[in-house]
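Asks: One structure is given below, represented as structure tokens, and several questions about it will come after.
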Amino acid sequence: MMEKMIFGRYVPVDSVVHRMDPRSKLMVIFLFVCIIFLANNWITYALIAIYTLFMLGLSRIPGRFLYTGLKPILWVVLFTLVLQILFTKEGHVVVSIGSVKIYNEGIKQGIFISLRFFFLILMSSLLTLTTTPIEITDGLETLLHPLKKIHFPVHEMALMMSISLRFIPTLMEETDKIMKAQMARGVEFGSGPYKERMKAVIPLLIPLFVSSFKRAEELAIAMEARGYRGGEGRTKYRQLYWRLADSLQLVALFGLTALLFLLRS
Amino acid sequence: MDIVLQQVEYRYQAKTPFERIAIQDVSITIPSGVYLAIIGHTGSGKSTVLQHLNALLQPYAGSVSIGDRVIKANQKNKNLKDVRKRVGIVFQFPEHQLFEETVEKDIIFGPMNFGVSEDEAKRRARIALKQVGLQEEILEKSPFELSGGQMRRVAIAGVLAMDPDVIVLDEPTAGLDPRGRKEIMDMFYNLHKERNLSTVLVTHSMEDAARYADQIVIMQQGNVVKQGNPVEIFSEPEHLMKMGLDVPNVVRFQLKLQEKTGMKLDTIYLSIDELSTAVREYIRKDNRL
Ligand SMILES: Nc1ncnc2c1ncn2[C@@H]1O[C@H](COP(=O)(O)OP(=O)(O)OP(=O)(O)O)[C@@H](O)[C@H]1O
Ligand SMILES: [Mg+2]
């Protein structure tokens, strides 16, 4: 069940996008989220579509995987589409079935909004699919570094983030193991009436909590034993490199932004 | 109850780029009452095989029959409780599954899930506790205040109290002290004999495999590469060494002895007693000393 989730998963393929600097990728995503709201007609949406598909192509993530991973989300997109079509009452009536009237603006808005939603999801999955969690954290830490001036705990935040990201797979594995152990003792997860299902969660959650606390304690001791004492003066093992591709990617996105401004109605 | 695996294949994370074949073309027959050991290098698929024995995993290809229940690939299987009641699994580090307030509640958790009455479950809890070598006082304690070894025993008692026909053990003594290991392994063996259980043991200890098992299966990279009784298996030590596996110390001693003295015994001996008797006979017959 969990196995098919695509969110937050890194797919190790060798591609230009994978090799880019996480800082440039983060900047691109941030900007993309802003400029997608500039699109408001067919041609601007087409531009966004071309850009997204181009980036996907560059990333060389297998299409079949994207499709299975995004299938659940496609339903949400479709649902948005249907809602928009049914409840927008602008423009002229195209079809009317009984008391339900469908307007041309409704169709247009529906398509636009669901496209926007879809492209946002595609682009943000692209970030996590092509960038390891550690890279994302490093990128964020470097980008947010200036905030240190106003005493924002950038390093601690990044450390927290990388530790939690590091332990997500461990936690999933542990969940799987304990679930199986309890299933072998006759627990049935995800079936039966609600009360039973809630009760089935206890034998799973308690061992998980116990082991997480234990692990946190061990980690803290191990870090202290190796002389960790905060971010002050700490250098980095993984260096970030800004390459030509990163500049090009930003330039391309600026180009897209300019085009969107020109062509939007 | 017989368990038969027929050409079982299993893939983790099937249909994603992370797809990976864990076991392939695995056929094993576990007749009622047999003690079967599965050995193999780490990552060879032993635990994956075990999880098919009570339908925690369902085959990607092939079929598993557990008693009269057949689990096939590509079909929905409901109501697996009955199977799981009859096949108890003790996982690697089973102490991680403890969660109740008291030891007693934790031990009766399994049996009660399978519809045993509370009184009966408590009765079984006492018996199981004695079997794993713990005192009754412990019943009212919290499992989390016990030592690691005691927790392990409580977890094992929780599986024994289910009163399964087949007991499946995934390295049940990993991380225990030598004496505790022997106690637990002997306990499982006695139980196996007394209750006429089938037992499947995954182990890295060739000593244990040689001492307890009737049948041994060797796995390598997801395949079964050899099956046979312990004498057959350990008669080809070079074969085992090539797979990164060891032979029991007794066998190693016999081989060394033969190499150094030119002595030729007709078979491999798996216990010190048998070997020393054989050596004595050999010496007597040849009148060498
Ligand atoms: N939950 C999982 N997800 C993905 N791959 C897995 C998972 N569990 C096991 N595998 C893979 O399947 C293969 C077989 O694993 P398995 O746990 O059955 O080996 P094992 O023989 O029990 O090893 P060990 O002696 O270390 O316990 C390994 O290559 C492992 O990496
Ligand atoms: Mg294992």
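Asks: Can you send over the solvent-accessible area of B:Phe18, 1.4 Å probe, protein chains only, in Å² to the nearest 10?
Replies: Probe radius 1.4 Å; accessible area of B:Phe18 about 60 Å².
Asks: Same structure again: In percent, what relative contact order does region A:56-171 have, based on Cα pairs under 8 Å that are 6 or more apart in sequence?
Replies: On the way: 84 pairs, mean separation 22.1, N = 116.
19 percent.
Asks: Which order, highest average first, do B:192-200, A:178-186, B:178-186 follow once you tally other Cβ atoms within 10 Å for each residue and take the mean per peptide? Please report the intermediate quantities before stating the final value.
Replies: Details: B:192-200: 17.1, A:178-186: 22.3, B:178-186: 15.3.
Per-residue mean Cβ counts within 10 Å order the peptides as A:178-186, B:192-200, B:178-186.
Asks: What FRET efficiency, computed as 1/(1 + (r/R0)^6) with R0 = 45 Å and r the Cβ-Cβ distance, is obtained for A:His145 and B:Gln221, rounded to the nearest 0.05? Show your work: numbers first, answer last.
Replies: On the way: r = 47 Å, r/R0 = 1.05.
Calculated value: 0.45.
Asks: Toward the positive end of the charge dipole of the protein assembly as shown, about the Cα centre and with charges on Cβ (Lys, Arg +1; Asp, Glu -1), which of A:Leu66, A:Thr132, B:His41 goes farthest?
Replies: A:Leu66
Asks: Distance between Cα centroids, region A:165-224 to region B:28-69: provide it in whole Å.
Replies: Centre-to-centre distance over Cα atoms comes out at 25 Å.
Asks: Mind checking the angle between helix B:118-131 and chain B's longest principal axis? C-alpha axes, 0 to 90 degrees, to the nearest 10.
Replies: 20
Asks: Follow-up question, since we're still on this one. Helix B:272-286 sits at what angle to the longest principal axis of chain B, using alpha carbons and giving 0 to 90 degrees rounded to 10?
Replies: 20
Asks: Within 10 Å of each candidate Cβ there may be at most 14 other Cβ atoms; applying that plus a DSSP loop requirement, which trypsin sites (Lys or Arg not before Pro) in region B:198-287 survive? Present the calculation step by step, with values, prior to reporting the outcome.
Replies: Numbers: sites: B:Arg211, B:Lys226, B:Lys242, B:Arg252, B:Lys256, B:Lys260, B:Lys264, B:Arg280, B:Arg284, B:Lys285; in loops: B:Lys264.
Of the trypsin sites (Lys or Arg not before Pro), the ones in loops of region B:198-287 whose Cβ has at most 14 other Cβ atoms within 10 Å are B:Lys264.
Asks: Can you give the average number of partner chain beta-carbon atoms within 10 Å of each beta-carbon in peptide B:87-96, as a whole number? Let's see the in-between values first.
Replies: Numbers: counts 1, 2, 5, 2, 5, 2, 2, 2, 1, 8.
Counting other chains' Cβ atoms within 10 Å and averaging over B:87-96 gives 3.
Asks: Using only Cα atoms, find the angle between the long axis of helix B:103-113 and the longest principal axis of chain B, and express it within 0 to 90 degrees, rounded to the nearest 10.
Replies: 80
Asks: On to the next question. Computed on protein heavy atoms with a 1.4 Å probe, what is the summed buried accessible area for the chain pair A and B, in Å² to the nearest 100? Mind showing how you got there, number by number?
Replies: Working: alone 17380 and 14870 Å², together 29970 Å².
Heavy-atom accessible area buried at this interface is about 2300 Å².
Asks: Quick one: order B:Ser142, B:Ser235 from most to least accessible surface, probe 1.4 Å.
Replies: Working: B:Ser142 30, B:Ser235 55 Å².
Heavy-atom accessible area, descending, gives B:Ser235, B:Ser142.
Asks: Output the relative contact order of region B:3-247, whole-number percent, from Cα pairs under 8 angstrom with separation of 6+ residues. Numbers along the way, then the final one.
Replies: On the way: 457 pairs, mean separation 65.2, N = 245.
Normalised by residue count, the contact order of region B:3-247 is 27 percent.
Asks: Along its principal axes, what span do the Cα atoms of the protein assembly as shown show, with the longest given first and each in whole Å?
Replies: Per principal axis, max minus min of the Cα coordinates gives 106, 60, 47 Å.
Asks: Please give the average number of partner chain Cβ atoms lying within 10 Å of the Cβ of each residue in A:51-57, rounded to a whole number. Intermediate values should be presented prior to the final figure.
Replies: Details: counts 0, 0, 0, 0, 0, 0, 0.
Taking all residues of A:51-57 together, the mean is 0.
Asks: Assign one of three labels to chain A, namely rounded, prolate or oblate, based on the Cα gyration tensor with a ≥ b ≥ c the square roots of its eigenvalues; rounded applies when a/c is under 1.5, prolate when it is not and a/b is larger than b/c, and oblate otherwise.
Replies: oblate
Asks: Give the residue from B:Val132, B:Ser65, B:Val247 lying farthest towards the positive end of the charge dipole for region B:3-247; charges sit on Cβ (+1 for Lys and Arg, -1 for Asp and Glu) and the dipole is referred to the Cα centre.
Replies: Result: B:Ser65, furthest along the dipole toward the positive end.
Asks: In whole angstrom, how far apart do the alpha carbon centroids of region B:221-289 and region B:138-160 sit?
Replies: 39
Asks: Holding the Cα-Cα limit at 27 Å, pick out from B:Lys46/B:Lys130; A:Lys177/B:Lys76; A:Lys25/A:Lys236; A:Lys180/B:Lys242; B:Lys78/B:Lys226 the pairs that are longer than that.
Replies: On the way: B:Lys46/B:Lys130 30 Å; A:Lys177/B:Lys76 22 Å; A:Lys25/A:Lys236 20 Å; A:Lys180/B:Lys242 34 Å; B:Lys78/B:Lys226 33 Å.
Exceeds cut-off: B:Lys46/B:Lys130; A:Lys180/B:Lys242; B:Lys78/B:Lys226.
Asks: Using the membrane-span-like helix rule (whole DSSP H runs, Cα extent along the own axis of at least 20 Å, mean Kyte-Doolittle hydropathy at least 1.0), which helices of chain A qualify?
Replies: Numbers: long enough: A:42-59 (26 Å, 1.72); A:63-87 (34 Å, 1.55); A:104-130 (39 Å, 1.13); A:154-184 (44 Å, 0.36); A:194-225 (46 Å, 0.46); A:244-263 (28 Å, 2.02).
Going by DSSP H runs, the hits are A:42-59, A:63-87, A:104-130, A:244-263.
Asks: Roughly how many nanometres apart are two label points built 7 Å out from the Cα toward the Cβ at A:Leu259 and A:Thr170?
Replies: For the pair A:Leu259/A:Thr170, the computed spacing is 4.6 nm.
The values are calculated or read from the model by the stated rules, or taken from the named source; none is laboratory data. All of these numbers come straight from a predicted model, not from anything done at the bench. Methodologically, a virtual Cβ is constructed for each residue, glycine included, from the backbone with ideal geometry; neighbour enumeration extends over all protein chains shown. All accessible areas refer to the heavy atoms of the entire protein, side chains included, with ligands and DNA or RNA removed. Shrake-Rupley method; radii C 1.70, N 1.55, O 1.52, S 1.80 Å.
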